[in-house]
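Asks: For reference, the structure I am asking about is given below.
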């Protein structure tokens, strides 16, 4: 992995998506050896995690703004999205499940 690459925690959503697009282009070119493909795939998986985290943060902010904008108290902070499968998010009994 290149050393001039910025820290993943500092990447914006847009920067992570741009890098992901470059990785996909490189992988689709069929010119990379297998080991390089694996390295790009690993980097891509990490970038997907960054994008998911940024989207979850934005979604929480929007929900908070909507609640406070309508005179409702802000919702409590959501649990860590990277928790193990044992620690999945629990849905309140009065909420409707979509999936």
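Each value in this text was obtained by applying a stated rule to the coordinates, not by laboratory testing. Computed from a predicted structure; not experimentally measured.
Asks: Mind checking the full-extension length gain between residue 30 and residue 53? Use 0.36 nm per residue of separation minus the Cα-Cα distance, one decimal, nm.
Replies: This chain segment gains 5.3 nm when fully extended.
Asks: Treating the Cα atoms of the stretch 9-72 as identical point scatterers in vacuum, please give the log10 of the normalised Debye intensity I(q)/I(0) at q = 0.19 Å⁻¹, two decimals.
Replies: With one equal scatterer per Cα and no solvent, log10 I(q)/I(0) is -0.73.
Asks: What full-extension length gain, to one decimal in nm, is calculated for residue 41 and residue 67 as 0.36 nm per residue of separation minus the Cα-Cα distance?
Replies: Extra length available between residue 41 and residue 67 comes to 5.5 nm.
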